[in-house]
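All remarks here apply to the structure that follows.
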Amino acid sequence: MRKKLIAGNWKMNQTKADGLALAKAVFEVASKEKGNFDVLICPGMNLLPLIAELPHEGVYLGAQDVSVAPKDFGAYTGDVSAAQLKDLGASHVIVGHSERRAMRHETDAIVKEKALNAIEKGLIPVVCVGETLEEREEGKALEIVCRQIRESVPSIATGENLVVAYEPVWAIGTGKVPSVQDVEEMHTAIREEIKSLLGESVASTMRILYGGSVKPSNAKELLGVANVDGALIGGASLKVEDFWGIAATQM
Ligand code: PEP
């Protein structure tokens, strides 16, 4: 049985004061209202070291990106290595978010390198995949996402050391969500692709999150779809009521 994962991607938001207040509020509610799911927050790099110092039992911490360089240290200005993230107390890292694929031109090969670096240092990469609106309208969504899976997921991935997040690009931050049928079709196809790549036991244990305009009002339905093992939440993770409103649908 795959345990659901409720993950927040805070993106490039918050000052120190705002971020610490939000983290404390999440830690407080998570310590009081425990459910049979895992909770992960991914604050910006301005906040991660500060938040990691707070007591956060029961909540995993993640970063939003990691260096592609397969080195712990070195001359890579602006980069943060997997080893450095691990040293801070992170357990997860988002890789291949569509904003980075589009705005920072990250290819599947780069995403795969980053995922590999993470796994090798004991971090769990949350590998994001998803089609654009144009690709969906052209009937290419399954083909594109399955290609992203094949080319972004390293061969050493297992159900324990890697998480996939299916995030249709057109659903991110737009308030639009795919139909339940489309989500089910895609998540089933992703699991099949992982099965053909890495085998049945990896496929059956790997968590596949849905992301894109998840809110308390649609979370129960989306997270109830077959093969959906949790949510990657952007906008709604910035308010504790909304983030926990989503988590609470799984209690
Ligand atoms: C995201 O960017 O990962 C995301 C899912 O954003 P939102 O929930 O705001 O659509």
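We did not get these values from a lab; they are worked out from the coordinates using the rules stated. From a predicted model like this one, the values you see are computed outputs, not experimental measurements. Positions of Cβ are backbone-derived with ideal geometry, glycine not excepted, and every protein chain shown enters the neighbour counts.
Hey, any hits in the range 42-61 for a residue that's touching a residue at least 12 places away in the same chain (Cβ under 8 Å), out of contact with any Gly (no Cβ under 9 Å at 6 or more places or on another chain) and assigned to a strand (DSSP E or B)? Looking for residues that are touching a residue at least 12 places away in the same chain (Cβ under 8 Å), out of contact with any Gly (no Cβ under 9 Å at 6 or more places or on another chain) and assigned to a strand (DSSP E or B), one finds at least one in the range 42-61, hence yes. Could you run through the range 221-251 and say how many residues are touching a Gly at 6+ places or on another chain (Cβ under 7 Å) and more than 15 Å from the ligand (Cβ to nearest atom)? Residues that pass the stated criteria total 2.
When restricted to residues that are in a helix (DSSP H, G or I) and farther than 14 Å from Ala102 by Cα, the range 116-133 contains 5.
Cβ-Cβ contacts under 6 Å between residues 6 or more apart (or on different chains), taken from a first residue in the range 227-240 that is more than 15 Å from Leu209 (Cα to Cα) to a second residue that is among the acidic types (Asp, Glu), are listed as Ala236/Asp242. The single condition among (1) away from the ligand (no atom under 12 Å from the Cβ); (2) part of a helix (DSSP H, G or I); (3) not hydrophobic (A, V, I, L, M, F, W, C) that Gly139 does not satisfy is (2).
Residues in the range 87-112 that are within 16 Å of the ligand (Cβ to nearest atom), in contact with a helix residue (DSSP H, G or I) (Cβ under 7 Å, 6 or more places away or on another chain) and under 18 Å from Glu160 (Cβ atoms): Val93, Val95. List pairs: first residue in the range 166-190 and within 17 Å of Cys128 (Cα to Cα) and aliphatic (A, V, I, L, M), second residue part of a helix (DSSP H, G or I) and within 9 Å of the ligand (Cβ to nearest atom) anywhere in the structure, Cβ distance under 6 angstrom, at least six positions apart or on different chains. Here the result reads Val169/Ser98; Val177/Ala171, each pair linking the range 166-190 to a residue that is part of a helix (DSSP H, G or I) and within 9 Å of the ligand (Cβ to nearest atom). Note on the range 5-54: among residues that are closer than 24 Å to Ala226 by Cα and away from the ligand (no atom under 16 Å from the Cβ), the one that is surrounded by the most Cβ atoms within 10 Å (Cβ to Cβ) is Asp38.
Condition test on Glu53, is it acidic (Asp, Glu) and under 24 Å from Glu184 (Cα atoms)? No: the conditions fail for Glu53.
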